[in-house]
Amino acid sequence: MTTFPKDFYWGGATAANQCEGAWDEDGKGVSTADHMTNGSHRVPRRFTAEFKPDLYYPSHKAIDHYHHYEEDIALFAEMGFKMYRMSIAWTRIFPNGDDEKPNQAGIDHYRKVFKTCKKHGIEPLVTISHYELPYHLTEKYNGWASRDLVDFYFNYCKVIFTEYKGLVKYWLTFNEINIMTMSFGGVFAGGMRSSDSAFDFTVKETSENRAVRFQALHHQFVASAKAVKLAHEIDQENKVGCMIAGLMSYPYTCDPQDVLLAQQKNEFGNFLCGDVQVRGEYPAFANRFFKENNIVLIWAEDDYQTLQAGKVDFYSFSYYASSCVSHDPKVNEASGNMMMGIPNPYLKASDWGWTLDATGLRVYLNMVYSRYQIPLMVVENGLGAVDKVEEDGSIHDSYRIDYLREHVKTMGEAILDGVELIAYTTWGCIDLVSAGTGEMKKRYGFIYVDNDDEGNGTMKRYKKDSFAWYKKVIASNGTQL
């Protein structure tokens with residue numbers, strides 16, 4: 001007997017800038033993602049204000065999903081997908097972001113994509129903004145640092161909510177909005193100005209830049225709330241969720257200082273943004289952080305009412321790994337103090353340093369549901385690995401199956417714990433460009449795409465062993481793993 005509800009949404013997830021390609025076709029404008037070069041596990045991606053002919057920008061080509069969407073969605077349907085999480089490229093609808101009229105070719109493209117999903121019985125889950133701000137808004141307005149972007153985002157939402165009424169009913173306002181609480185979030189997720197620079201997760205910033213970044217985050221909160229209210233007004237069937245990068249931190253030791261630090265990391269990393277979007281107000285602990293960091297947010301007169309009126313219908317998140325934290329500087333220094341935190345001595349890690357921790361997903365699900373008690377979706381979860389294509393075209397990715405199997409098991413346990421989990425969309429259901437490193441060889445998909453880190457390849461699609469495995473999981477509603 002399955003623990004998953006009979007109407008559970010099994011599926012997969014992608015993002016436009018990581019899979020579509022066709023970056024300058026059919027009236028599409030230039031996005032911030034289009035200015036990101038490729039990189040690797042050891043060499044960070046770079047943001048360049050001008051395009052340089054000797055550098056490769058992977059979003060320009062990606063896996064050409066723009067021209068292959070019918071083939072790709074048919075493959076998703078063959079696996080039995082109930083839901084396909086994807087994003088709309090803002091620059092296909094409004095090339096500059098502040099245009100008076102939308103780009104009809106962009107509107108038409110996504111209508112065809114959604115109709116293709118519906119033809120196969122797949123429910124679209126659409127991310128409105130997935131790390132892909134129109135670059136013009138960065139140059140002219142300094143991205144989300146400007147309150148003007150709230151209106152531009154609202155206009156964008158009005159068009160897509162109206163155009164796709166009856167085709168899309170599940171929406172996410174911003175991808176991993178809590179990334180804006182991190183030092184690199186301003187350029188990556190906020191579209192704030194930057195000179196040519198390495199995309200360094202450990203970058204330091206001034207207190208002034210930090211204050212601007214949190215003001216930009218506040219503008220995203222307001223924009224999200226306005227979008228929720230608008231979506232409900234345009235179609236009462238619409239359901240809108242937040243999307244949080246699930247950050248699971250453990251104390252490195254049982255030293256009370258480590259326990260306290262882990263609690264603070266979990267609350268700040270997950271609940272600052274979660275509280276604003278689910279409860280409509282900032283958590284109490286934010287006040288101390290703002291005061292100690294000299295952050296004074298500028299509120300418009302009706303911002304509080306807006307946040308209260310625009311609470312999300314469900315909470316969605318990504319989960320890949322967990323990390324440990326320590327108050328001991330020596331421990332931090334020995335670990336290299338990388339983004340993935342201190343290695344957990346009880347767990348193994350992937351080739352890219354991500355700790356493999358399925359139990360952490362159950363802990364996270366219970367932690368979030370206990371706080372909010374609204375429906376949850378796991379909308380990103382997967383293993384990035386190097387896949388080998390055999391001479392007969394087969395790809396034996398047992399390591400991916402093992403990773404996903406354990407996470408499906410732990411979701412079932414969380415449901416038994418009482419968590420209202422309604423959807424699971426694995427990340428990179430088809431191979432795509434890695435957001436963090438810009439690589440193709442860091443593959444997540446059930447479907448292999450013949451394309452390398454420099455954009456060379458035939459773009460031919462191959463089914464991996466995990467394709468058949470996930471098809472069986474979906475058909476059995478999670479009982480055959």
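Laboratory data are not the source of any read-out in this text; all were calculated from the coordinates shown. These numbers come from a predicted model, not from an experiment. Quick reminder, even Gly has a Cβ in these numbers, built from the backbone with ideal geometry, and neighbours come from all protein chains shown.
Taking the Cα centre of the stretch 303-441 as origin, work out the dipole magnitude from +1 charges on Lys and Arg Cβ and -1 charges on Asp and Glu Cβ, in debye rounded to 20.
Details: 10 positive and 19 negative charges, 93 e Å.
Here the stretch 303-441 has a charge dipole of around 440 debye.
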Report summary line: Percent antiparallel among DSSP beta bridges confined to the chain, nearest 5, equals 20 percent
Query raised in the report: About its Cα centre, how strong a charge dipole does the stretch 9-475 have in debye, to the nearest 20, once Lys and Arg get +1 and Asp and Glu get -1 at the Cβ?
Result: 720 debye
Report task. Note down the net charge around Asn142, summing +1 for each Lys or Arg and -1 for each Asp or Glu among other residues with Cβ under 12 Å from its Cβ. Result -> +2
Query raised in the report: At what distance in angstrom do the alpha carbon centres of the stretch 1-54 and the stretch 122-151 lie from each other?
Result: 14 Å
**Report entry** Cβ-Cβ FRET estimate between Val296 and Lys140, R0 fixed at 25 Å, reported to 0.05
**Finding:** 0.50
Report summary line: Spelling it out for Tyr84: with amide H atoms placed in the peptide plane at 1.01 Å from N, the residues 5 or more places away or on another chain with amide H under 5 Å from its amide H are Glu123, Leu125
Report task. Compute the signed sum of charges (Lys and Arg +1, Asp and Glu -1) over the other residues within less than 14 Å, Cβ to Cβ, of Pro345. Result -> -1
**Report entry** Lys/Arg +1, Asp/Glu -1 at C-beta; the stretch 427-473 dipole; positive extreme among Gly455, Gly438, Trp469
**Finding:** Trp469
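Which of His218, His396 has the fewest other C-beta atoms within 10 Å, and how do the rest follow up to the most? Can you show the working numbers first?
Values: His218 23, His396 14.
Going from sparsest to densest Cβ surroundings: His396, His218.
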Report summary line: Under the helix-only model (-39500 (n - 2.57) for each DSSP H run of 4 or more, divided by the residues of the chain), the mean residue ellipticity at 222 nm, to 500 deg cm²/dmol, is -11500 deg cm²/dmol
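Using mean Cβ contacts within 10 Å as the protection proxy, how do 405-411, 94-100, 177-183, 430-436 order, highest first? Don't skip to the end; give the middle numbers.
Values: 405-411: 20.0, 94-100: 18.4, 177-183: 21.7, 430-436: 24.6.
The packing order, highest mean first, is 430-436, 177-183, 405-411, 94-100.
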Report summary line: For the table Lys61/Lys226; Lys239/Lys442; Lys52/Lys441; Lys348/Lys388; Lys6/Lys441, the rows whose alpha-carbon distance is greater than 28 Å are Lys61/Lys226; Lys239/Lys442; Lys6/Lys441
**Report entry** Whole-Hz ³J(HN,Hα) from phi, Karplus 6.51 cos²θ - 1.76 cosθ + 1.60, for the stretch 428-441, glycine and proline x
**Finding:** x, 4, 10, 3, 8, 6, 5, 5, x, 10, x, 8, 9, 5
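By count of other Cβ within 10 Å, fewest leading, how are Lys112, Lys158 ordered?
Numbers: Lys112 11, Lys158 17.
By the 10 Å Cβ count, ascending, the order reads Lys112, Lys158.
Can you work out the FRET efficiency for the pair Gln480 and Ile234, with r the C-beta to C-beta distance and R0 = 51 Å, to the nearest 0.05?
Working: r = 40 Å, r/R0 = 0.79.
The computed FRET efficiency comes out at 0.80.
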Query raised in the report: Amide H to amide H under 5 Å from Tyr9: which residues, 5+ apart in sequence or cross-chain, H placed 1.01 Å off N in plane?
Result: Ala423, Tyr424
Query - Simple spin-label estimate for Lys165 and His120 in nanometres, 7 Å along Cα-Cβ - result: 2.8 nm
Query raised in the report: How high is the relative contact order of the stretch 9-475, in percent, with contacts defined as C-alpha pairs under 8 Å that are six or more residues apart?
Result: 18 percent
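What list do you get for Ser59, Ser476 if you sort them by fewest beta carbons within 10 Å? Don't jump to the answer; show the numbers that get you there.
On the way: Ser59 27, Ser476 13.
In increasing order of surrounding Cβ atoms, one gets Ser476, Ser59.
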Report task. Would you calculate the separation in nanometres between label points at Asp108 and Asn155, each defined as 7 Å from the Cα along the Cα-to-beta-carbon direction? Result -> 2.3 nm
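Excluding Pro283 itself, calculate the net charge of residues whose Cβ lies under 11 Å from the Cβ of Pro283, where each Lys or Arg counts +1 and each Asp or Glu counts -1. Working shown, then result.
On the way: positive: Arg279, Arg288, Arg371; negative: Glu267, Asp275, Glu281.
For residues surrounding Pro283, the net value is 0.
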